[in-house]
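What follows is one structure encoded as structure tokens, with my remarks underneath.
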Amino acid sequence: MGAFVISTKTDGAFKFAYAARRGKTIITSIGCREKPDCEKIMAAFQENIAQFTVTKIRQSSGKHYFRISKDGLVLANSRKFTTELLMQKGLNDFLNTVAAAEILDFSNQENVFGEIADNEAIGVLRLVK
């Protein structure tokens with residue numbers, strides 16, 4: 001089973017990523033101004049993924065990825081895959097597990113690791129000098 005992970009972008013917009021059960025990100029959404037917009041897209045994916053259009057794309061560099069859209073509006077892009085077979089496996093994993101996916105919300109957390117990470121970073125800087 002995978003999970004949707006909601007987070008904020010550097011410009012303050014909200015986005016979500018879908019991570020497979022092993023933690024590898026499969027898709028990342030477009031930026032949304034409001035968190036409820038992300039939640040609506042995730043709910044729509046979970047309720048009826050068949051209503052969305054999946055477009056498979058091959059870049060000139062040879063990488064493969066897919067887009068999920070509705071009525072011409074791209075809602076999410078997959079990560080880049082080295083082969084078409086790996087892309088298809090990622091797509092199948094998403095399609096087969098999206099309905100039961102958990103939703104994890106990290107959008108309200110500014111510094112997930114808190115003061116400890118800051119102190120450790122300072123300690124590393126002192127060691128480097």
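Criterion first (hydrophobic (A, V, I, L, M, F, W, C) and part of a strand (DSSP E or B)) does residue 41 satisfy it? Here the answer is no, as residue 41 does not meet what is asked.
Restricted to region 1-23, and to residues that are closer than 19 Å to residue 95 by Cβ and touching a helix residue (DSSP H, G or I) at 6+ places or on another chain (Cβ under 8 Å), which residue is surrounded by the most Cβ atoms within 10 Å (Cβ to Cβ)? Among those that are closer than 19 Å to residue 95 by Cβ and touching a helix residue (DSSP H, G or I) at 6+ places or on another chain (Cβ under 8 Å), it is 16.
Among the residues making up region 47-67, those that are of a type outside the set (S, T, N, Q) and outside any strand (DSSP E or B) are 47, 49, 50, 52, 62, 63. Within region 58-65, is there a residue that is under 20 Å from residue 23 (Cβ atoms), in contact with a strand residue (DSSP E or B) (Cβ under 7 Å, 6 or more places away or on another chain) and at pLDDT 95 or above? Yes: one or more hits. For region 22-39, the tally of residues that are polar (S, T, N, Q) and over 14 Å from residue 74 (Cα atoms) stands at 1.
The values are calculated or read from the model by the stated rules, or taken from the named source; none is laboratory data. Bear in mind that the values here come from a model prediction, so they are computed numbers and not experimental data. Cβ sites come from the backbone with ideal geometry, for glycine too, and all protein chains shown count toward neighbours.
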